[in-house]
Amino acid sequence: MGLDLRKLEHLVAIAEEGTFTRAARRLHLSQQALSSSIRALEREVGVDLLDRGGNAVTVLPAGQALIDDARVLHGIARSAVRRARRIGRAEAETLRIGHTPAVTGDEVTALIRRVHAIHPELSTHVNQRYPDELSEQLLAGDLDLGLCRAMTPERGLSHSTIDQRRLHVAVATDHHLADNDSVRLAALADETVMVWGHPGRSGYTDLLVDHCRQAGFEPRLLRNPIQGTPPETAVIGTGHIAFVTVAPGLAAGGRVKVLTLEPHVHVPLHALWPQHIGSEARDAFLRGATS
């Protein structure tokens with residue numbers, strides 16, 4: 001049995017919009033046409049996918065399972081067309097890389113330089129993405145590779161550790177710890193730690209919390225209200241600290257001091273990519289990054 005990708009797109013739209021009316025408007029279809037499409041899809045699959053009772057549409061477990069796979073299938077189809085088009089036009093492949101705020105631009109640049117030393121012909125295009133955006137765009141085929149820390153890969157994504165970076169502590173230069181060059185992890189028990197994701201919803205935040213617990217204390221956390229900025233800048237004007245991967249010394253134009261964290265604590269740099277989408281440039285990048 002073959003599935004019509006257009007019908008799957010219709011199902012995804014209804015799930016995301018919550019009603020047939022909004023989904024039909026988004027898809028530029030009549031509600032009758034959209035309803036007929038979903039009825040046909042349910043006949044093809046052989047089970048109900050949506051509960052149409054009440055004012056809103058509820059996605060049934062079977063429908064959610066199909067939606068999860070539909071996102072993967074759409075990404076594969078789009079990438080297959082893009083790859084065939086590029087090969088047919090004899091165009092070079094550009095590796096589209098996204099990275100979360102937990103991975104600094106300097107880290108990405110250093111990694112690309114390492115790979116370029118082995119594959120100087122490799123072309124890359126890099127942008128920062130929040131974790132949800134990163135997963136979504138990888139599955140949609142809009143990105144070839146994602147760089148992150150401690151993200152749980154969604155269905156359809158592969159995952160590997162390509163590096164380990166040592167963790168340090170950033171403080172503002174007027175902070176009481178700024179006169180030190182190093183600090184022990186256990187000595188931070190009374191400090192408030194700036195983080196970028198909510199505990200329980202951010203794998204990286206949970207990883208940092210686990211390191212603190214292993215040092216014998218439960219950290220006080222404050223989510224940075226200014227998202228998307230370099231991690232070391234979060235401490236400016238706050239009186240708080242932040243765990244960072246930048247090198248010890250002055251940072252942020254001299255307004256921040258990065259202290260060596262003792263004992264050594266390392267955090268992983270992870271790569272995510274679509275399982276069923278081929279990319280010669282991505283494969284070359286991963287080989288170069290881990291060599």
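A short reminder: the numbers here are calculations on the coordinates, not readings from a lab. Please read all numbers here as calculations on a predicted model, not as lab measurements. Ideal geometry is used to build each Cβ from the backbone, glycine not excepted, and the neighbour counts take in all protein chains shown.
Computed about its Cα centre, the charge dipole of the stretch 232-291 is approximately 120 debye, with only Lys, Arg, Asp and Glu carrying charge at their Cβ. Sorting ARG96, ARG6, ARG114 by the number of Cβ atoms found within 10 Å of their own Cβ, with the fewest placed first, yields ARG6, ARG114, ARG96. Spin-label model, ALA215 to ALA247: label points 7 Å out along the Cα-to-beta-carbon direction sit 2.3 nm apart.
Estimate the FRET efficiency between ILE226 and VAL47 by the formula 1/(1 + (r/R0)^6), using the beta-carbon distance for r and 51 Å for R0, to the nearest 0.05. So, using R0 = 51 Å, E works out to roughly 0.65. Rounded to the nearest 500, the 222 nm mean residue ellipticity of the chain from helices alone is -12000 deg cm²/dmol, with -39,500 (n - 2.57) taken per DSSP H run of at least 4 residues. Across the chain, the volume of the C-alpha convex hull divided among the residues equals 175 Å³ per residue.
Rounded to the nearest 20, the Cβ-based charge dipole of the chain about its Cα centre (Lys and Arg +1, Asp and Glu -1) stands at 740 debye. At 10 °C and a viscosity of 1.306 mPa s, what translational diffusion coefficient does Stokes-Einstein give for the stretch 51-104, taking Rh as the Kirkwood radius over Cα pairs? Give it in µm²/s as a whole number. Taking Rh from Cα pairs, D becomes 107 µm²/s.
Taken over the stretch 2-56, the percentage of Cα pairs per 10 Å bin, counting from 0 up to the bin with the maximum distance, is 25, 61, 14, 0. Dividing the convex hull volume of the alpha-carbon atoms in the stretch 100-231 by its residue count gives 142 Å³ per residue. Remark: C-alpha extents of the stretch 196-285 on the principal axes read 47, 33, 29 Å, sorted largest to smallest.
Taking all Cα pairs closer than 8 Å and separated by 6 or more residues, the relative contact order of the chain comes to 21 percent.
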